[in-house]
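A quick write-up on the structure given underneath.
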Amino acid sequence: MKSPRGSHRFRIMAALVVAVVFVAGPASAAADSDGSGATEAGAIARYGDWVIDLARGWEGAGACLVWPDELDVPECFDTESGMNRRIAELEAELASASVGGWGGTAAASGSSCASYLRLYDGTSYSGAVLYLRGRGRWLNLADYGFDQRTSSYRIGACAARFADWSDGAGAWYPTWLTEAYDHAPAMLGGWNDDVSSVYLA
């Protein structure tokens, strides 16, 4: 049987262990943070037979497709042409689903402005490409391993907005250059590799 003194010492040691765990947890999270409150963990994506964390690297992929309304997780490919084939498949599935029936008509009218955005990490639409599709939300590029990498872009049928901080904060790229169907083989001075979040209107 433990003496009262030994029992008291045991309780103190247990309390210290609990305190260390609670202090170490937030400290570890802070170490993984980029200073904006987001941790390093990003979007999990499929790349062939692999599952990768885009925030930690693309593992050799040359093109990644982010379409939350159609895909459970982003999908990555070796080349932009490989990604384009997958986009064509998804669009064909959407078109066939919208044929006939009252519900199909509603779905088609709701997506009349199919908004996409292609960001390239090289000028003149070269290098790795991130394809984003979906409207009415800010997307933080750090989640997809594309923070401050944009050097050229192509915009689809709906306007986009570019911000130099996450969640649309900070300065915005001139909105008159990011309207529907705008594209640019290079960014304005001071904006190359400086976009951190985008919004698809």
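Side notes on the structure shown:
- Sequence-ordered 3J(HN,Hα) estimates for the stretch 80-86 from the Karplus curve with 6.51, -1.76 and 1.60 and θ = phi - 60° stand at 5, 5, x, 5, 4, 5, 5 Hz, glycine and proline given as x.
- Point-to-point label distance, D53-R137, nm (Cα→Cβ direction, 7 Å offset): 2.0 nm
- The packing ranking, built from the mean of other Cβ atoms within 10 Å per residue, places the peptides 92-99, 68-75 in the order 68-75, 92-99, highest first.
- Sorted by Cβ neighbour density within 10 Å, fewest at the top, the residues D49, D143, D193, D167: D49, D193, D167, D143
- Near R149, once Lys and Arg are set to +1 and Asp and Glu to -1 for all other residues with Cβ below 10 Å from its Cβ, the sum equals -4.
- Gain in span if fully extended, E89 to A186, counting 0.36 nm per residue against the direct Cα distance: 31.9 nm
- Taking amide H atoms as placed 1.01 Å from N in the peptide plane, the amide H of G134 lies under 5 Å from those of S115, each 5 or more residues away in sequence or on another chain.
- Placing R0 at 25 angstrom, the Cβ-Cβ distance between D72 and W165 gives a FRET efficiency of 0.30 after rounding to 0.05.
Each value in this text was obtained by applying a stated rule to the coordinates, not by laboratory testing. No experiment lies behind these values; they were computed from the predicted model shown. Don't worry about glycine lacking a Cβ; one is built from the backbone with ideal geometry, like all the others, and counts go over all protein chains shown.
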